[in-house]
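This report concerns only the one structure given below.
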Amino acid sequence: MKILVVGSGGREHAIIKKLKESKNVSEIYAVPGNGGIAKDAICVDIGAKEIDKIATFAVENKIDYAVVAPDDPLVLGCVDKLNEKGIPCFGPKANAAIIEGSKVFSKNLMKKYGIPTAEYEVFDNLDKALLYLDTAPIPTVIKADGLALGKGVIIATTRDEAKDAVISMMRDEMFGNSGKTVVIEEFLTGPEVSVLSFTDGETVVPMISSMDHKRIGDNDTGLNTGGMGTIAPNPYYTEDIAKLCMDTIFIPTINAMNSEGRTFKGCLYFGLMLTPKGPKVIEYNCRFGDPETQVVLPLLESDLLTVMQATTNGTLKDTEVKFSTKSACCVIMASKGYPQSYEKGFEMDIPCGIWNNVYVAGAKLDGDVLKTNGGRVLGATAVAGDLKTAISDAYGLVKQIKFDNAYYRNDIGAKALNAIKEN
Ligand code: AMP
Ligand code: GLY
């Protein structure tokens, strides 16, 4: 089968590498892909948001199945467009992708269907938001309604900070239209868990749990990033908690979306916080997480294409989805300066022997030479029998990869290891 993967990051590289293991896959195209992905797929110079061009390309090249990985094209209706042209897809239609595309939608959904989440208020009027912040409990969390490249959440520890945040979102439009409406929500505490799930709109199959490391610096210090590393499984996510989440969050969410006439098919990502009052939803994503995918898919033992097709065809109930009992760790190597300004264009040296463990996020080919071309440059993933070994093996890979100005955190997985020791 000819497969098309929409997207250009480490997540897409991980999806492509896993799909290559499938005996039913003959060719993989990536739109737009990147210089690293080009070693594993045919990259086509069409932007991930250019959905008309993507659909035309898919028809002209007789694509059999498409995987739409990033949030933007999903929210813009890339799956709807490809389906109209007769091409089956992995991913939700736009009317279901709104679960990530609008925080107001997802918060109201959870409230209506009794799914546990932080208390919240919605504002589309700046003065009312400012008035509310005069008495709101502090710390508080300000969220732009729409997509904001993963940056639309501000945790304010003082009233002034909270007010500055709503002013910059609502009046100064720092996230454009996405921040004209804001959600102001209760600040929750507890360990965070990412649970990606496969769903065909009826059955929901959680993948192995994982833990992201969002801050740029060791010990969770500094600015928020797209994610600096991940481990799986997440030791805080016990079997009892998994069952509770299934009953109180996962199934109710799938049912709620059906009741709203917005059946969700594809990967539904539950960003959870295990609070003293039980697991609560911090956010939904309508897609695979990045860099969660880079630890979750290497642990998947079943055929990825078969599972993806089952979500499209509504046959997930009868499809085996098996994960290894091993552990995985992914360390992201970034360009020094990220998530603010950084330089690009440095030659990358990745030994051939470890290529299978590397997921390239920001690189381009200059002739045959791979050069850095983004903030997050790549992720190196190791799988091992236990988490401690996976972590040391992942750092062993990182040490073999060279490019100027490389930056990475030194403590990916440390918190998880401590949690294991405490138990
Ligand atoms: P998001 O961009 O939605 O993934 O949010 C970024 C991060 O903000 C999350 O991973 C949490 O660490 C934090 N966060 C979001 N909502 C809350 C909340 N209600 N309470 C505490 N932390 C939160
Ligand atoms: N790692 C968080 C996300 O993909 O949004």
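Taking the Cα centre of segment 38-84 as origin, work out the dipole magnitude from +1 charges on Lys and Arg Cβ and -1 charges on Asp and Glu Cβ, in debye rounded to 20. Working shown, then result.
Working: 5 positive and 10 negative charges, 22 e Å.
The dipole magnitude comes to about 100 debye.
Working out 0.36 nm times the residue gap between Ser26 and Lys322, then minus their Cα-Cα distance, what length gain in nm do you get to one decimal? Kindly include the intermediate steps, with their values, before the conclusion.
Numbers: separation 296, 0.36 × 296 = 106.56 nm, distance 2.32 nm.
Net length gain for the segment: 104.2 nm.
Its Cα centre serving as origin, segment 110-267 has a Cβ charge dipole (Lys and Arg +1, Asp and Glu -1) of approximately 280 debye. In order along segment 265-276, the phi-based Karplus estimate (6.51 cos²θ - 1.76 cosθ + 1.60, θ = phi - 60°) of 3J(HN,Hα) comes to 10, x, 10, 9, 9, 9, x, 10, 10, 8, 7, x Hz; Gly and Pro are listed as x. Each residue of segment 318-330 was assigned a 3J(HN,Hα) from its phi angle through the Karplus expression (A = 6.51, B = -1.76, C = 1.60, θ = phi - 60°), giving 9, 10, 6, 10, 10, 10, 5, 8, 6, 10, 9, 9, 10 Hz with x at Gly and Pro. Taking a virtual spin label 7 Å from the Cα of Asn95 along the C-beta vector, which residues in segment 113-150 bring their backbone nitrogen under 12 Å of it? Of the residues in segment 113-150, none has backbone N under 12 Å from the label point off Asn95.
For a modelled paramagnetic label at Asn83, 7 Å from Cα along Cα-to-Cβ, the residues of segment 197-240 in reach, with backbone nitrogen under 20 Å, are 197-205.
Beyond 18 Å, what percent of the Cα pairs of segment 119-211 remain? That tail contains 51 percent of the Cα-Cα pairs.
For the chain, what's the relative contact order in percent, using C-alpha pairs closer than 8 Å and at least 6 residues apart?
Details: 986 pairs, mean separation 69.9, N = 423.
Relative contact order comes out at 17 percent.
Beyond 39 Å, the tail of the calculated P(r) for the chain holds 14 percent of the Cα pairs.
Peptides 155-161, 402-408 ranked from most to least packed by the mean count of surrounding Cβ atoms within 10 Å: 402-408, 155-161. For the pair Phe105 and Asp411, label points projected 7 Å from Cα toward Cβ lie 3.8 nm apart.
Using only DSSP helix segments of four residues or longer, with each worth -39500 (n - 2.57), what per-residue ellipticity at 222 nm results for the chain after dividing by its residue count and rounding to 500?
Working: 14 runs with 122 residues, N = 423.
Calculated from helices alone, the mean residue ellipticity at 222 nm is -8000 deg cm²/dmol.
Counting only DSSP beta bridges with both residues in the chain, the antiparallel share comes to about 80 percent. Each of Pro206, Val193, Val182 was placed along the dipole of segment 162-210 (beta-carbon charges, centred on the mean Cα), and the one lying farthest toward the positive end is Val182.
Using alpha-carbon pairs under 8 Å, 6+ residues apart, how would you state the relative contact order of segment 271-395 in percent? If you can, show how the numbers build up before the last one.
Details: 187 pairs, mean separation 31.0, N = 125.
Computed over segment 271-395, the figure is 25 percent.
For the pair Leu149 and Arg215, the difference between a 0.36 nm per residue extended length and the Cα-Cα distance amounts to 22.2 nm.
Looking at this model, which pairs from Lys18/Lys344; Lys39/Lys371; Lys20/Lys371; Lys280/Lys421; Lys39/Lys322; Lys128/Lys180 are more than 19 angstrom apart at the alpha-carbon? Before the final figure, lay out each step's value.
Values: Lys18/Lys344 28 Å; Lys39/Lys371 14 Å; Lys20/Lys371 24 Å; Lys280/Lys421 25 Å; Lys39/Lys322 28 Å; Lys128/Lys180 13 Å.
Pairs exceeding the cut-off: Lys18/Lys344; Lys20/Lys371; Lys280/Lys421; Lys39/Lys322.
Normalised by the number of residues in segment 347-386, the average gap of Cα pairs under 8 Å and 6 or more apart makes the relative contact order 42 percent. A Förster radius of 45 Å combined with the Cβ-Cβ distance from Asn423 to Asn258 puts the calculated FRET efficiency at roughly 0.75.
How large, in Å, is segment 362-423 by the Kirkwood hydrodynamic radius built from its alpha-carbon pairs?
Values: mean 1/r = 0.0741 Å⁻¹.
This gives a value of 13.5 Å.
Here the dipole of segment 304-423 is about 260 debye; that uses its Cα centre as origin and unit charges on the Cβ of Lys and Arg (positive) and Asp and Glu (negative). Which of the three applies to segment 241-386, rounded, prolate or oblate, going by the alpha-carbon gyration tensor with a ≥ b ≥ c and a/c under 1.5 meaning rounded? Prolate.
Compute the length gained on full extension between Arg159 and Leu131: take 0.36 nm times their separation in residues and subtract their Cα-Cα distance, giving the result in nm to one decimal. List each step's numbers first, then the result.
Values: separation 28, 0.36 × 28 = 10.08 nm, distance 1.10 nm.
Going from the current span to full extension adds 9.0 nm.
Label zone of Gln340 (point 7 Å out along Cα→Cβ, amide N under 15 Å): in segment 206-230 this covers 216-217, 222-225.
All of the numbers you see were taken from the coordinates with simple rules; none came from a lab. A quick note: this is a predicted structure, and the numbers were derived from the prediction, not measured. Here the Cβ is made from the backbone with ideal geometry for all residues, glycine too, and neighbour counts use every protein chain on show.
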